[in-house]
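Asks: What follows is a single structure, and I will ask about it in a moment.
The values are calculated or read from the model by the stated rules, or taken from the named source; none is laboratory data. The structure presented is a predicted model; accordingly, all values stated were derived computationally and were not measured. Here the Cβ positions follow ideal geometry from the backbone for every residue, glycine too, while neighbour counts run over all protein chains shown. These area figures cover heavy atoms from the full protein model, side chains too; ligands, DNA and RNA do not enter into them. Shrake-Rupley method; radii C 1.70, N 1.55, O 1.52, S 1.80 Å.
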Amino acid sequence: MSVLSRKTKSPEGTKELGRDLSQQLKPGSVVALSGSLGSGKTVLVQGICSGLGVEKAVTSPTFVIINEYPGRLNESSVWVYHFDLYRLEDVEEFINLGYEEYFYGKGITLIEWAEKVREFLPKSRFEINLKIISENEREIIVGEF
Amino acid sequence: MLILGIETSCDETASSVVEDGSRILSNVVYSQIVHNRYGGVVPELASREHIRSIVPVVRAALDEAGVSLEQIEGIAVTYGPGLVGSLLIGLSFAKALSFSRGIPLIGINHIEGHIFANFLEHPDISPPLVCLVISGGHSTVVYVADKGQYELMGQTRDDAAGEAFDKVAKVLNLGYPGGPAIDRASTRGDADFFKFPRARLEAESFDFSFSGLKTAVAIFVSKLSEEELKKHRIDIAASFQEAVVDVLVEKGIRACQKKNSDKIVLAGGVAGNRRLREKLRSEAEKLKLQVFYPSPVLCTDNAAMIAAAGEFYLSRKKRSDLALNAVPYAPLSSA
C-alpha cells in the first residue's frame, strides 16, 4: 500500500496528474474517485483517459451512468469504463448494473462517487480523494491498495 | 401517412400517433415519478418501469388517436442516444410489432427527434437553420442544412446544461427536476446578485462547458451560513440561470452568423426555460433573426417528435431492418 498527496493549482494541473497516474494502470485496474461536487473528479478522469490515448470526448456520464471509451495501453487496445454514480442512491441498483463484468474484466474502470459502493470495490484498487482548497486549488490524495 | 412513434431513451415511456408529420392525433407520455425520490434517473428502475408501462402507453396512444394498428403505416422508434436498458425496451417492442404486423420500421436518433419537434409544431419553418438542442443529457449546436442533413458545430465538453441545472438545484435544495425548479425560483430572484463565470472557451469554439459554473456555485454556497443561503437561495438560482442562458444565447447567435442563417430554433427540455426564450428573442430581434421553439410538451421527451422524424424517412422509402440495435452514444448523422 502506498499513499501520496498532491496539490494542483488548476484544472489543467489536475488533468496532468491524471495523465501521470494513467502510466501506473494495467488491464483490470480499478480507480475509485471520491470528492464533493466540483472537486475535479471528471477532470481527473479526463486526464487519465488522455494518458490512455482515448480520443473520444470524455464527458460526465451522469445521465447514462457508464461511458465506455476505446483506449490504448502499451501498444495494445484497452477499454476504459467511466462510471458516474452521482444519481445512485441504492446499492441494489448498482448490483443490477452487472458491475462485476467491469471490475473483474480486462478493461480499466474509473468510478466517480465510488464512496457510494465502497463494499463492492475490489481489494486491489487505486483510491483517489479530491478536496477543494480554493477556487482553483485541489488537494488530491492517491492511495494504491 | 399515419405513424406510431415510440420513445424510451430515458425515464419517460412515450407513444404517439402523428399524421403526415404535422398533425398530432395523440401524445402519451408516462413520466416515472419514482425518480423524484432519488434526485435523478436510476437506470435499472427506469428500464423496469418501461417494461411495465410500454404496452399500456402504446395502447393509450392508439386509443386516443382513435386508430387501430391496422391503419398504422409505419413505426418510428428511438434507437439512441440514451440509457441502453431503457432504449432496448422501446426498440424491442417496436421491432416485434413491426415484424408481427408487417409494418415498416424506422430507427430515429433522439437528437434528430428533438430537432423535428420544431418542424412538427411549425410546419412552415424551412432549413437552413441553427438548432440548439439542450436537455438533461445533451447540449449541442447543430447546423441543419436541410431535414436529414446535419452538421454538429459544438457540444458540451463536460456537463450538459440540464445536468448543471439538476446539480445546482440539488445544491440549493430546490428539488428535482432541477430545470423547472430553478426557472420558477428565478422569476423572483435577482439575476445580478452574483456574477458567476461564463465559460466561453476558445474564441471560435461552439463547445460548451458547464462544469466550472456548477463548481463555482457549489463553492459559493459552501461559504454561506444557513441563514444567508436561505435568504439568497432564489438570487443564486437566478444568477446561475443567467450565466447558463448568456452562454447558450451567445453561442447560438454566433453560430447563426457564421452559417449566415436567419433562423435559430430551440429544442430539448431546457428549451422550455422562460429566461432562455426571452433572452434569445430579444438578442435575435436586434439582428433580425427569427426564433422558434416547440411548446413545452414537445420540448421534453415525447414520441410525437420521433413519429414526425419517422414520417420524413418512411415517406422517402427509408427503412430500418430488424438488426437495428440500441446505441447509447449514437452520434447525430446525416441521411
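Asks: Which residues, taken from segment B:194-220, are over 27 Å from the mean Cα position of the chain (by Cα) and open to solvent by 20 Å² or more (accessible area, probe 1.4 Å)?
Replies: B:F194, B:K195, B:F220
Asks: Looking at segment A:48-73, which of its residues are facing chain B (nearest Cβ under 8 Å) and crowded, with 19+ Cβ neighbours inside 10 Å?
Replies: Within segment A:48-73, A:T59, A:S60, A:T62, A:F63, A:V64, A:I65, A:N67 qualify.
Asks: Select from segment B:125-173 the residues that are basic (K, R) and within 14 Å of chain A (Cβ to nearest Cβ) and write down the one among them that is surrounded by the most Cβ atoms within 10 Å (Cβ to Cβ).
Replies: Filtering segment B:125-173 for residues that are basic (K, R) and within 14 Å of chain A (Cβ to nearest Cβ), the one surrounded by the most Cβ atoms within 10 Å (Cβ to Cβ) comes out as B:K167.
Asks: Which condition does B:D183 not pass, out of (1) out of contact with any Lys or Arg (no Cβ under 8 Å at 6 or more places or on another chain); (2) in contact (Cβ under 8 Å) with a residue 12 or more places away in the chain; (3) of a type in the set (D, E), if it passes all the others?
Replies: Result: B:D183 passes all but (1).
Asks: Could I ask something else about it? Give segment A:29-71 a look and list any residue that's in contact with a Leu (Cβ under 9 Å, 6 or more places away or on another chain) and part of a strand (DSSP E or B), or say none.
Replies: A:V30, A:V31, A:A32, A:L33, A:S34, A:I66, A:Y69, A:G71
Asks: Also, quick follow-up: Starting from residues that are under 17 Å from A:L25 (Cα atoms) and assigned to a helix (DSSP H, G or I), keep the ones in segment A:99-137 and report whichever is least open to solvent (accessible area, probe 1.4 Å).
Replies: A:F103
Asks: So which residues in segment B:282-310 are outside the structural domain of B:G179 (by TED's automatic domain parsing) and more than 25 Å from B:G179 (Cβ to Cβ)?
Replies: If the condition is that a residue be outside the structural domain of B:G179 (by TED's automatic domain parsing) and more than 25 Å from B:G179 (Cβ to Cβ), then B:G310 is the only one that fits.
Asks: Looking at segment A:36-47, can you tell me whether even one residue there is surrounded by fewer than 21 Cβ atoms within 10 Å (Cβ to Cβ) and either over 27 Å from B:V217 (Cα atoms) or at pLDDT below 90 (or both)?
Replies: Checking segment A:36-47: not a single residue is surrounded by fewer than 21 Cβ atoms within 10 Å (Cβ to Cβ) and either over 27 Å from B:V217 (Cα atoms) or at pLDDT below 90 (or both).
Asks: A:E137: within 13 Å of another protein chain (Cβ to nearest Cβ) and touching an Asp or Glu at 6+ places or on another chain (Cβ under 7 Å), yes or no?
Replies: No.
Asks: Looking at the structure I just gave you, is A:S34 away from chain B (no Cβ under 14 Å), touching a residue at least 60 places away in the same chain (Cβ under 8 Å) and hydroxyl-bearing (S, T, Y)?
Replies: yes
Asks: Would you say B:I236 is under 28 Å from A:T59 (Cα atoms), free of Cβ contacts under 8 Å to residues at least 24 places away in the same chain and either assigned to a helix (DSSP H, G or I) or outside the structural domain of B:Q155 (by TED's automatic domain parsing) (or both)?
Replies: no
Asks: From the list A:E119, A:E112, A:E100, A:E92, pick out the single residue that is at negative phi and touching a residue at least 60 places away in the same chain (Cβ under 8 Å).
Replies: After applying the criteria, what remains is A:E112.
Asks: Just to verify a result, which residue in segment A:1-17, among those that are in a helix (DSSP H, G or I) and away from every other protein chain (no Cβ under 14 Å), is surrounded by the most Cβ atoms within 10 Å (Cβ to Cβ)?
Replies: Top of the filtered list is A:L17.
Asks: Just one of the numbered conditions (1) under 16 Å from the mean Cα position of the chain (by Cα); (2) polar (S, T, N, Q); (3) open to solvent by 40 Å² or more (accessible area, probe 1.4 Å) is not true of A:N96; which one?
Replies: (1) is the only condition that A:N96 fails.
Asks: Please determine whether any residue of segment A:74-86 is within 14 Å of chain B (Cβ to nearest Cβ) and part of a loop (DSSP other than H, G, I, E, B).
Replies: Checking segment A:74-86: at least one residue is within 14 Å of chain B (Cβ to nearest Cβ) and part of a loop (DSSP other than H, G, I, E, B).
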